[in-house]
1. Which is open to solvent by 30 Å² or more (accessible area, probe 1.4 Å), among the basic types (Lys, Arg) and not in a loop (DSSP other than H, G, I, E, B), of 519, 539?
2. Quick check on residue 146: is it hydroxyl-bearing (Ser, Thr, Tyr) and open to solvent by less than 50 Å² (accessible area, probe 1.4 Å)?
3. Could you list all residues from region 123-145 that are among the aliphatic types (A, V, I, L, M) and part of a helix (DSSP H, G or I)?
4. Got at least one residue in region 786-801 being assigned to a strand (DSSP E or B) and open to solvent by 50 Å² or more (accessible area, probe 1.4 Å)?
5. Run down 293, 267 and say which single residue is farther than 26 Å from residue 667 by Cα and either crowded, with 16+ Cβ neighbours inside 10 Å or among the hydrophobic types (A, V, I, L, M, F, W, C) (or both).
6. If we only count strands (runs of 3 or more DSSP E) wholly inside region 409-496, which ones have 3 or more residues that are open to solvent by 30 Å² or more (accessible area, probe 1.4 Å)?
7. Tell me whether region 12-30 contains one or more residues that are within 15 Å of residue 83 (Cα to Cα), touching a residue at least 40 places away in the same chain (Cβ under 8 Å), open to solvent by 60 Å² or more (accessible area, probe 1.4 Å) and not in a strand (DSSP E or B).
Amino acid sequence: MPKQITLTIDGQSVTAPEGTMVVDAAKLIGIDIPVFCYHPKMEPVGMCRMCLVEIGRPMVDRATNALVLDADGSPRIQFSGKLETACTTPISEGMVVVGMSEKVKEAHKEVVEFLLTSHPLDCPVCDKGGECPLQNLTMAHGTADSRFLFDEKFHAKKHVPLGDLIYLDRERCIQCGRCVRFQKDIAGDPVIGFYNRGRKLEIMTCSEPGFDSIFSGNSTDICPVGALTTADFRFGARPWEMNSAASLCNHCPVGCNTTINVRREAKSGGNVTIKRIMPRQNESVNEIWICDKGRFAYHFADSPDRLKSPLVRKGENLTEAGWDEALNFAAGKLKEAGSGLVTLASGRLSNEDLYNLRKLTESQGGLFIGYSRMAGGDVVNRYGMQPGSNLGSLGKGSVIVVAACDLHEEAPLWWLRVREAVKRGAHLILVHTRASRLDRSAATVLTVANGNEINTIDRMMSGELADTLRQAENLVVFYGSDGLGREATGELALACARLLENSGHAHKVNSGIIPVWERGNTQGLWDNGAVPADDIVDRIARAKVLLIAGADPAIDDPLFERALEKSGFVIVQELFKTATAQKADVVLPVLAFTEREGTYTSGERRVQRFYPAVPAPDGLKADYEIAAELGMKLGLTLESDAASLVFLKMASEISQYNGLDYARLSETTDQWPIIGRADVYYGGTTYDNKQGLGVQLPLLPADDFTIEPRIKIEPLQPDSHELAVYPYTRLLDTGVTVTTSPLLSARLAKADLRINPVTAKKMLLAHDMHVMLPVDGAAYPVRIVLDEKVPEGTALIPRSVGVPIHEPQVAQVVPGRGHND
């Protein structure tokens, strides 16, 4: 534990760890020292001078090194002749800080006055109005009169697009450097910077495309003025017009805490609409940041293409029907099918949805399948992270292993947090087939042949890394599906468990496996008993009734599409009329997560609650409601009145969830830094968390659980004229929850087949050439992209871009449409 220091600020005593800056120590006792350039998540720079205070220190006799005492026995305090910046001055024992003297007040007033000499008077039309640090601090510390002539104000370009997502108003910029420092030091993307000097200093982008960072939206949160705004929200609403609801991002397994801002407006017919997604503080999950996918990919929820009523197949066509007709039709078929029911559910659903669907399926004796490209959830429940674990606690003495995963693309906030752990001294080991953005932070990079990740993990305890792993205080292992199929990810999870056992870190706090699932609640899918099936195509084809919820297998693979056509009867619960829904016999429209409440379980095994942000549209139901109503028609009683009641039932049956309820999930504790909407100049416009930090689940007993290899994963053996094609994950795929956000369209992953230039030359392929890639009896157009990071003889194809490659496979490209114009 760091040494504790006691000092006095404005007459109040405060004790804080050694190294704490004065501005942060003041925050601990509710004293707000005004700042512009300072941010508690970044190193101080003292650029704006707004935090000037008077600081006195105990006098020390130079001869005896003893404190000089006054007549009353108290230490004599000597104040500096000049004001000091509270953001760059660390506290010291006995220090006395005065932040409200006339000298300090005059300095604050002068700083604000100088900032306003170059600032436009456009508060009434500025997006930041109502949550603007400059506006607030001008009211608190500025003067009503100006000594400067309006005509002499400096003018600069307004509405400058730094990229597709962020606009810059150069007149409003006060050159605090927060955005530049965030991108360089935290995001690791130094794609914006300062240009010119003096009064001509301005922010510019130095990347192509502009502001090329998946964390760019955070710069608008921490900007203390209205200089940076998002293309999504600018001129959209004023902060005081909006209501807010606590929510979660469900695009990846991190489980980022968010706040959804909504407003009722005329252009939407008087309906409540979502205006923006903001980060909500949870220092154990996403701290105060979110990625741009989580910020901007929400438009699917208010898309006009959403299903609005049930559909029932009559002849060749799907026609609109009432709920009673659709449910009765579906329930009748479920009753006839009995044990011939196969339910296919994905991690897009909430825990409550999954529980009711499982109970419905079990009541008929059917099969409940988890629709996931990854395995290993049973391993994670015994060797995953447990209560008390926090990536923020990792540092010197900790080892982090990342295997078969590109965290930057698959779980961006984990990428940020791993980088921060490395800065604190953690030893990072990467096991992958190609270079990634984490390489520059890694102490050890093990580049392996495709499919050799499992053997590499197993050999760690007998190689050079053995002592490093054995002596580590903490060991966290991330595993993913980069270039791997479902069976291989299951074996990789087992290898990670063996590494924990053999190094002595199994079942310890701050040690464990973290799966990089493809969806936000895949862990909940496993917890509710939905296990991926390797013979899923055969299961679908032989199902008497196939119930699909939150999945679109027909678009994912032609084999699934053909299997659907062989199913006896298909029921789909969906947001949109997807390719799978178009082949269904009954389609039941569901609520989006923004229109209801529920829970998700993250990859760190943390159960978290989300709340409704907008009223539920008429004619739509939550997935758990639909399952309950189908059950009722089959004589099965399931909770449907409220998600909280479903959760109580689930918690009573699943041992890891025992004792949990919505009240427990809603509990909060004090967090550092202290973020709040009342002082947006300190931490930015991020929301503080008053609605719940979530609960990490206990591990299941591992006594009778074997972690020995279950199957042997054979490497691909392509002929000289063939390619070994491996799938990988991109953050911005072409799934319906992303493509419905127009702002992201320019950055969506494309059907690019990435190959090494040496391989391309041998196969007479050229960059930007269009060819056809045969998969499962069909051929798909792809574009050749040369990439030296791709191993020779192999090719990489993104998932969810219209090419159905989910497992490694051998393929031979054939001529296509020729070169791109």
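1. Criteria check complete, one pass: 539.
2. no
3. 125, 134, 137, 139, 140 - these are the residues of region 123-145 that are among the aliphatic types (A, V, I, L, M) and part of a helix (DSSP H, G or I).
4. Among the residues of region 786-801, at least one is assigned to a strand (DSSP E or B) and open to solvent by 50 Å² or more (accessible area, probe 1.4 Å), which makes the answer yes.
5. Of the residues listed, the single one that is farther than 26 Å from residue 667 by Cα and either crowded, with 16+ Cβ neighbours inside 10 Å or among the hydrophobic types (A, V, I, L, M, F, W, C) (or both) is 293.
6. 444-447
7. no
A quick yes/no check of all residues on (1) in a helix (DSSP H, G or I); (2) over 33 Å from the mean Cα position of the chain (by Cα); (3) at pLDDT below 90:
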site	(1), (2), (3)
743	yes, no, no
783	no, no, no
804	no, no, no
818	no, yes, yes
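The values are calculated or read from the model by the stated rules, or taken from the named source; none is laboratory data. In this text the structure is predicted, and so the values were computed from the model without any measurement. Don't worry about glycine lacking a Cβ; one is built from the backbone with ideal geometry, like all the others, and counts go over all protein chains shown. Keep in mind that these areas ignore ligands, DNA and RNA; they rest on the heavy atoms of the full protein, side chains included. Shrake-Rupley method; radii C 1.70, N 1.55, O 1.52, S 1.80 Å.
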